[in-house]
Amino acid sequence: MELSGALAIQGGQMALVLALAPLLTGFIRKAKARLVRRHGPAVIQPYRDLWRLMRKEVVLAESSSWLFRGAPYLIFAATWVAAALVPTFATGLMFSWSADLIAIIALLGAARFFLALAGMDVGTSFGGIGSSREVMIASIAEPAMLMVIFSLALMAGSTQLSTIAGYMLSSNVGLRVTLALALVALIMVAIAENARIPVDNPATHLELTMVHEAMVLEYSGRHLAVIELASSLKLLLYASLIGCVFVPWGLAPAGASWQAHLVGIAAYVGKLALAGALLAVFETAIAKMRVFRAPAFLSAAFMMGILGVLLLFVSRGGLQ
Amino acid sequence: MNALDVLLIAAAALLALVPLALAMGQSPAGRWVIYGGSLAICGGALASALWALRRAASWDAVLPLGLPWIGARFHLDPLASAFAVVVSLGGALSSFYALGYGRHEEEPARVLPFYPAFLAAMSLVVLAADAFSFLVAWELMSLSSWGLVMARHREAGNARASFVYLVMASFGAFSLLLCFGLLAGPGGAYAFAQIRAHPPGPATAALALALAILGAGSKAGLVPLHVWLPLAHPAAPSHVSALMSGVMTKVAVYAFARIVFDLAGPPAWWWAVAVLVLGAITAVMGVLQALMQHDLKRLLAYHTVENIGIVFIGLGLALAFRAAAMPLAAALALTAALFHVFNHSLFKSLLFFGSGAVLTATGERDMDHLGGLIRGMPKTALAFLVGCIAISALPPLNGFVSEWLTFQAILLSPQLGWWALKLAVPVVGAMLALSAALAAACFVKAYGVTFLGRPRTPAAEAAREVDGFSLAAMFALAGLCVCAGVLPGFVIDALSPVAHGLVGGRMPEQASQAWLTIVPIGEARSSYNGLLVLAFIAASAGLCALAIHAFASRQARRAPAWDCGTPSASPMTQYTATSFAQPIRRVFGAYVFAAREQVEMPPPGDLSPARFEATVHDPIWEGLYAPLAAAVALAAQRLNRLQFLTIRAYLGLVFLALVGLLLVLALWN
């Protein structure tokens with residue numbers, strides 16, 4: 001019973017994240033459009049886009065190799081597995097022990113590795129510009145993310161995400177400087193990782209400002225659909241991660257009743273809507289930076305992460 | 001006959017191949033005999049080292065070699081067995097690779113005699129149990145590898161590379177000589193067992209630590225002693241580069257671990273600070289330097305420097321935990337370091353084999369002259385890709401597991417009580433994270449520029465797949481990388497007696513965990529399952545492909561690249577290794593390498609070409625070695641006058657020296 005329940009939660013979560021990911025993207029686009037007094041496309045437009053792309057033929061560049069065709073599936077798979085392991089509405093995930101938070105972030109790193117390689121594959125200058133800028137951004141964002149993980153892991157005494165969420169729900173957390181620093185750093189990393197304004201602009205097709213879009217420039221048809229879905233999933237993953245760690249209320253604990261799980265799902269959708277709305281407001285209110293300002297932005301996140309960890313190291317004798 | 005006997009006989013057999021190689025070096029059969037023989041001998045040594053590691057026992061042997069009243073002592077304990085596995089595995093696969101690769105050697109007589117001697121010397125270093133035999137084997141290792149670096153002495157730069165290597169190797173051996181002298185004490189107790197029985201005092205031990213860092217660190221490639229490594233490793237033939245980078249640096253790690261954990265007695269806490277800081281600087285400097293390279297083999301060599309830094313971070317953490325009497329945490333950190341040693345020997349050998357294959361197929365090492373090799377050499381490209389994923393520490397391959405274990409060890413360190421460590425460890429952790437992320441960037445560049453894109457030269461366009469031996473060796477290593485990544489529990493269990501012998505703690509047994517998960521400390525704390533992660537990725541990718549196959553259009557058409565509507569016919573418009581690194585050079589290089597970019601634009605109407613110049617400085621070479629070399633040259637010039645004195649003046653000098661020494665002696669007493 002317990003096993004089947006955990007399996008059901010795991011399966012439900014995998015289906016839920018996949019189903020909700022385009023919706024979140026559509027919701028953010030709609031919210032951004034409304035904020036600048038446009039009507040904007042319908043919230044379900046990303047689903048229509050995916051369906052349209054799937055029905056279209058693929059146009060492969062003459063110089064592309066097998067890696068170009070295989071990479072979308074690997075990128076999607078790594079992102080989906082990572083998203084499946086972040087507790088969204090319940091902590092009792094069947095396989096949460098198979099990868100901790102460090103491994104989840106490394107899975108996203110693997111997805112990016114293949115995306116950057118795919119950008120290099122066709123051998124165009126735009127692919128190269130996208131890949132080289134992406135790895136530059138990642139080379140600061142990833143350590144910043146690891147510092148956030150260190151902060152959380154040192155407080156909770158674990159790198160397991162379900163344990164961290166459980167610790168955050170418990171009463172002995174209190175307000176901590178490190179938590180605030182970690183939250184700000186995590187949000188900054190999430191913005192950079194998802195190619196949002198001010199680091200990158202998901203809506204741009206101005207060649208010289210593209211990072212993410214430049215890497216996927218040569219993709220079309222079903223391959224592009226899979227990659228678009230993977231980027232929506234990644235955005236959802238970061239929203240879930242922030243929700244799970246910093247706003248864990250509503251998460252159904254392991255072995256809870258089905259009502260608790262329904263509450264969990266409702267709370268999760270609410271959290272996603274809030275995160276999407278905040279992101280839309282933030283993106284509308286701010287301008288994109290020059291590419292070489294992004295390292296300064298991310299270094300600030302990195303420094304905040306290190307500062308948070310240092311505070312933990314000097315303020316405590318040790319872990320329980 | 002025990003495992004130690006087998007390993008010693010294997011080393012002797014390898015040495016016996018040397019005269020054979022001298023005799024038949026010119027004949028085409030020489031390659032088959034020498035590499036085939038090395039393969040068979042290393043295979044036997046590997047089996048016996050694995051068996052010894054599994055048994056976790058120790059054996060001793062004294063051979064009547066060297067000074068008659070001392071003899072040569074050898075000893076095989078779990079630490080030596082673990083490194084003997086690395087040496088013989090690397091040796092066996094390199095020999096196998098060389099069966100095919102060696103065909104293209106222009107002067108085989110310059111490679112074949114040194115090769116088995118190099119292999120024998122490395123295994124003898126690991127087995128030696130007294131300072132004499134250790135140093136003799138160490139010097140043999142240095143000299144035979146120097147001979148291999150000089151094998152292509154006519155190529156530009158190789159003579160300089162081997163000169164720098166020789167100077168640094170002499171310096172390292174000299175440091176180790178002094179180190180053993182200090183450890184042995186005035187009584188001259190040079191056997192390791194005697195040193196272990198009488199550990200030195202704290203001051204002597206600290207000095208021995210410093211000398212061990214200088215001696216073993218210069219061979220391993222610790223910054224700032226690494227300068228010879230990126231020169232010498234690429235200069236050798238590729239299978240030897242793989243051995244030098246993948247195995248010889250590990251022998252140096254062995255020397256460090258043997259001296260510091262085994263012989264120098266209980267550590268003081270500040271040793272850990274020194275090792276950690278050096279390791280962190282090495283990791284970040286190594287990977288940044290690697291990013292600046294456009295020579296594929298040199299990039300790989302610089303990357304070895306980074307990995308040695310990661311290993312030393314693990315060793316430093318183990319020292320700290322040992323000083324704090326936390327055996328479990330020390331075992332975790334030490335296991336992480338040794339696991340990374342094993343992993344690095346796998347994927348660095350694989351990548352050097354791949355670069356050798358590229359060199360064979362195209363005659364090029366410069367990535368800016370390559371590109372698009374994935375079409376001509378799909379198998380090499382696949383194996384190289386596995387190596388790149390593994391070295392970039394991405395799940396589910398093996399590089400990730402050892403870095404993950406290192407991170408877990410770092411997360412235990414707030415319990416350390418010393419303030420300097422409390423401040424140093426988080427920064428070291430941040431630098432480790434930085435180097436891991438930069439490593440991924442570095443290998444996107446290495447793979448993307450070399451194998452992907454369009455061919456930049458006719459040679460790259462004409463590249464064809466290499467021979468079966470080379471491919472089989474590469475795929476064997478790629479398979480081992482996958483196995484060690486998805487089944488890390490077995491490697492951790494195999495390393496458990498090593499950690500127990502050195503730091504007195506053991507990690508929990510991993511093979512008994514459900515689903516072959518690895519749990520370094522406790523289940524609530526952290527766990528990772530590479531097998532499941534791989535299965536999940538495969539299942540999700542398969543599911544996605546099935547769904548696409550069922551619901552999406554299956555049509556595909558080939559067309560010219562889109563490139564925002566402005567495709568360019570020339571492959572020279574692609575990103576090169578240099579341009580790919582430009583953003584990172586701008587972000588990090590401006591501080592570390594004083595990197596400058598200069599753009600000269602001709603005024604409108606002027607038809608002269610625009611010029612772009614990027615300059616990168618090596619702070620360590622220019623700040624440390626160039627002044628040192630200048631000082632030596634100056635001193636030599638000044639002292640040159642001493643060659644032209646009269647006999648009276650020489651006698652006077654001798655007399656003055658004698659008086660001076662007597663004075664020193666009188667003051668000393």
Of the candidates A:E62, A:E57, the one satisfying the condition of being under 30 Å from B:Q574 (Cα atoms), acidic (D, E), at the interface with chain B (Cβ under 8 Å from one of its Cβ atoms) and touching a residue at least 12 places away in the same chain (Cβ under 8 Å) is A:E57
Those residues of region B:429-471 which are farther than 23 Å from A:S132 by Cβ and within 13 Å of another protein chain (Cβ to nearest Cβ) amount to B:G429, B:A430, B:L432, B:E461
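Okay, residues lined up against (1) more than 30 Å from A:M215 (Cβ to Cβ); (2) touching a strand residue (DSSP E or B) at 6+ places or on another chain (Cβ under 6 Å); (3) assigned to a helix (DSSP H, G or I):
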position	(1), (2), (3)
B:A440	no, no, yes
B:G448	no, no, yes
B:G453	no, no, no
B:A494	yes, no, yes
B:W515	yes, no, yes
B:E523	yes, no, no
B:V533	no, no, yes
Counting only residues that are small (G, A, S) and under 21 Å from A:A33 (Cα atoms), region A:267-320 contains a total of 8
Within region A:229-279, residues being modelled with pLDDT under 95 and within 14 Å of chain B (Cβ to nearest Cβ) number 1
Condition set surrounded by fewer than 21 Cβ atoms within 10 Å (Cβ to Cβ) and closer than 23 Å to B:A473 by Cα, scope region B:365-384, selection farthest from the other protein chains (Cβ to nearest Cβ): answer is B:R365
Those residues of region B:403-425 which are at the interface with another protein chain (Cβ under 9 Å from one of its Cβ atoms), surrounded by fewer than 23 Cβ atoms within 10 Å (Cβ to Cβ) and outside any helix (DSSP H, G or I) amount to B:G417
When (1) within 18 Å of B:L350 (Cβ to Cβ); (2) aliphatic (A, V, I, L, M); (3) assigned to a helix (DSSP H, G or I) are applied to B:V428, the one that fails is (1)
- Message: Residues that are charged (D, E, K, R), within 14 Å of chain A (Cβ to nearest Cβ) and touching a helix residue (DSSP H, G or I) at 6+ places or on another chain (Cβ under 7 Å): does region B:594-608 have at least one?
- Response: no
With the first residue restricted to region B:11-36 and required to be assigned by TED's automatic domain parsing to the domain that holds B:H239 and outside any helix (DSSP H, G or I), and the second required to be of a type outside the set (D, E) and modelled with pLDDT under 95, Cβ contacts under 6 Å at 6 or more apart or on different chains are B:G25/B:P108; B:G25/B:A109; B:G25/B:L112; B:Q26/B:A109
In the set B:A484, B:A541, B:A524, B:A514, the lone residue that is surrounded by 17 or more Cβ atoms within 10 Å (Cβ to Cβ) and either over 30 Å from A:L85 (Cα atoms) or within 14 Å of chain A (Cβ to nearest Cβ) (or both) is B:A541
Among helices (runs of 4 or more DSSP H) completely within region A:68-172, the ones holding 2 or more residues that are facing another protein chain (nearest Cβ under 9 Å) and within 14 Å of the chain's Cα centre (by Cα) are A:101-121, A:125-156
Of the conditions (1) among the aliphatic types (A, V, I, L, M); (2) in a helix (DSSP H, G or I); (3) more than 8 Å from every other protein chain (Cβ to nearest Cβ), the single one that A:L175 does not satisfy is (2)
Among B:V519, B:V503, B:V533, B:V587, the single one that is facing another protein chain (nearest Cβ under 7 Å) and over 30 Å from A:A225 (Cβ atoms) is B:V587
B:L178 vs. criteria touching a Ser or Thr at 6+ places or on another chain (Cβ under 8 Å) and more than 30 Å from B:A151 (Cβ to Cβ): no
Scanning region A:298-307 residue by residue, those surrounded by fewer than 19 Cβ atoms within 10 Å (Cβ to Cβ) and touching a residue at least 24 places away in the same chain (Cβ under 8 Å) turn out to be A:S299, A:A300, A:L307
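The values are calculated or read from the model by the stated rules, or taken from the named source; none is laboratory data. Keep in mind the model is a prediction, meaning the values are calculated, not measured. Reconstructed Cβ throughout: ideal geometry from the backbone, glycine too, with neighbour counts over all protein chains shown.
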